[in-house]
Amino acid sequence: MILIILSKIISPIKKTSEKLSAFECGFEPIGDSKDLFSIHFYMVGILFLIFDLEILFLFPWAKNIKQSGLEGYFSITIFLTLLFIGFFFEWFEGILNWSKNSNFII
């Protein structure tokens with residue numbers, strides 16, 4: 001606590017226009033924060049998480065494939081089937097299509 005208080009007292013504070021400006025990936029901010037933008041960013045992020053978690057769940061199953069038996073085989077088949085149904089739903093709905101005339105907007 002003493003070090004934090006000491007750093008606040010000793011350190012120079014110079015408020016410049018650069019330090020007070022908004023920072024967005026090294027570029028000047030464009031537009032308003034309440035503008036509409038495409039939902040594709042969310043959908044691709046969710047798709048990445050789905051397949052990332054799928055791989056995470058496949059490692060323990062692959063390690064213990066001999067011990068899991070027929071029940072383990074059917075459970076992982078159901079798991080993969082549900083994930084691929086979700087993937088094909090996104091694909092056929094056009095969520096993965098990055099055209100400029102998209103209907104998916106937040």
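The values are calculated or read from the model by the stated rules, or taken from the named source; none is laboratory data. None of the values given here were measured: they were computed from a predicted structure. Note that we place each Cβ from the backbone using ideal geometry, even for glycine, and neighbour counts take in every protein chain shown.
Can you find a residue in segment 39-46 that is in a strand (DSSP E or B), at pLDDT below 75 and either over 30 Å from W91 (Cβ atoms) or within 20 Å of the chain's Cα centre (by Cα) (or both)? So far as segment 39-46 goes, no, none of its residues is in a strand (DSSP E or B), at pLDDT below 75 and either over 30 Å from W91 (Cβ atoms) or within 20 Å of the chain's Cα centre (by Cα) (or both). Filtering segment 47-84 to residues that are of a type in the set (S, T, N, Q) and assigned to a helix (DSSP H, G or I) leaves Q67, S68, S75, T77, T81. Taken as a whole, segment 9-29 holds at least one residue that is of a type in the set (K, R), modelled with pLDDT under 85 and assigned to a helix (DSSP H, G or I).
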